[in-house]
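The values are calculated or read from the model by the stated rules, or taken from the named source; none is laboratory data. All of these numbers come straight from a predicted model, not from anything done at the bench. No Cβ is skipped: glycine too gets one built from the backbone with ideal geometry, and neighbour counts run over all protein chains shown.
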Amino acid sequence: MQFFGGSEISPSPPVPTASGNNAHMMYVFNRNGVCLLYKEWNRPLHTLNPQQDHKLMFGLLFSLKSLTAKMDPVNADKGNLGVPQLPGQGCSFHSFRTNTYKLSFMETPSGIKIILVTHPKTGDLRESLKYIYGLYVEYVVKNPIYSPGSPIKSELFNTALDQYVRSIS
Amino acid sequence: MVREVAESCVDTMLMEMVAMYSGRFYANKPELAARRIEAIGYQVGHQLSERYTMERPRFSDHLEAIKFICKDFWSEVFKKQIDNLKTNHRGTFVLQDNKFRWLSRVSIDPSPEKETEDPLSTPGESKAAQAVSMYLYFPCGIIRGVLSNLGIPCAVSADISSLPTCSFVIRVKA
């Protein structure tokens, strides 16, 4: 018998329907904490206003990254605070899960942070986040009229992203 | 010996070229910047046409030269052919590319910003369209360079009423 899961106190969320839209929301931040993109597909509850929400998310991940690096029992290389590391180098946290959602995170060496919040039963999304970063490079970075550091407003990127996220199981 | 460069390098260099000319060298003088960029394209087109017509006999008429641009030249430079060619048989040709490679990632901001100065047409849209049109002077110059090297002086302009479809209008000088 399950003791912690599925009781009335903390009910588990409804299983996603066959439409396949598993994702709740997504954030993309750059190195300086500017929120380049915030997309929401399914978020029934808003607790903070958007600015506070973005700041909280960025601050949380910043702290989590440095916490996980400092508490690492295996790796001696602590890296510098705030400096993005090469993939595979040092200790990089990639997801946390609660009973109602799973948050997956990826940071690229250029400091772009991609955060995807999904249903808790989602598997490892690291490859998906890499693909999304590929979409970002393709449609945002290579867009001649995009100025780096400003919020992303590209139709092509939004469409491709929507399509891809809906297909993640 | 074939020396190759990643396509993203070429793309980035073209982006930077337009940004430098319209942002730094001739800031606030878009016509001058456009002329310089078109002149660079002219030189490039001139040299590319030498390379790509090396083993071919001379073209019999203007239409043959335009068809060369639509098929062989466009495939060499953009890895695809021109999708539609129209002519009025009186020196004007319209080359339509349904998915122009250098504009394939351009995406105009769907929500126009609020501007209080110009209450006429949608200002956000025209500024974005103007920014995008700067990127078309280079391919126009290339086409003009190719044709002039083949002995056909002309004027080339581009039309982007519907992205990513792009039309190049060639007017042959009689």
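So the values come out like this:
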| read-out | value |
| --- | --- |
| Unmet criterion (only one of (1) surrounded by fewer than 16 Cβ atoms within 10 Å (Cβ to Cβ); (2) at pLDDT below 90) for residue B:43 | (2) |
| Subset of the range A:35-74 [of a type in the set (Lys, Arg) and under 17 Å from residue A:112 (Cβ atoms)] | A:39, A:65 |
| Any hit, the range A:115-132, residues being within 30 Å of residue B:131 (Cβ to Cβ), part of a helix (DSSP H, G or I), modelled with pLDDT of 90 or more and within 14 Å of another protein chain (Cβ to nearest Cβ) | no |
| Condition met for residue A:46 (surrounded by 10 or more Cβ atoms within 10 Å (Cβ to Cβ) and either hydroxyl-bearing (Ser, Thr, Tyr) or at pLDDT below 90 (or both)) | no |
| The range B:4-35, residues that are more than 16 Å from the chain's Cα centre (by Cα), farther than 18 Å from residue B:142 by Cβ and acidic (Asp, Glu) | B:4 |
| Residue match in the range B:12-22 (condition: away from chain A (no Cβ under 14 Å) and either exposed (fewer than 14 other Cβ atoms within 10 Å of the Cβ) or within 30 Å of residue B:151 (Cβ to Cβ) (or both)) | no |
| Selected residue (criterion: farthest from the other protein chains (Cβ to nearest Cβ)) from residues of the range A:133-169 that are of a type in the set (Gly, Ala, Ser) and surrounded by 13 or more Cβ atoms within 10 Å (Cβ to Cβ) | A:160 |
| Breaking point among (1) of a type in the set (A, V, I, L, M, F, W, C); (2) in a loop (DSSP other than H, G, I, E, B); (3) more than 17 Å from the chain's Cα centre (by Cα), for residue B:65 | (2) |
| Tally of residues being within 14 Å of another protein chain (Cβ to nearest Cβ) and either surrounded by 20 or more Cβ atoms within 10 Å (Cβ to Cβ) or not in a loop (DSSP other than H, G, I, E, B) (or both) across the range B:82-107 | 7 |
| Residues satisfying the stated conditions in the range B:48-61, i.e. in contact (Cβ under 8 Å) with a residue 24 or more places away in the chain and either touching a Gly at 6+ places or on another chain (Cβ under 6 Å) or surrounded by fewer than 19 Cβ atoms within 10 Å (Cβ to Cβ) (or both) | B:48, B:50, B:52, B:53, B:59 |
| Condition check for residue B:26: touching a helix residue (DSSP H, G or I) at 6+ places or on another chain (Cβ under 8 Å), farther than 22 Å from residue B:167 by Cβ and within 14 Å of another protein chain (Cβ to nearest Cβ) | no |
| Subset tally (residues that are part of a helix (DSSP H, G or I) and under 23 Å from residue B:78 (Cβ atoms)) for the range B:23-57 | 18 |
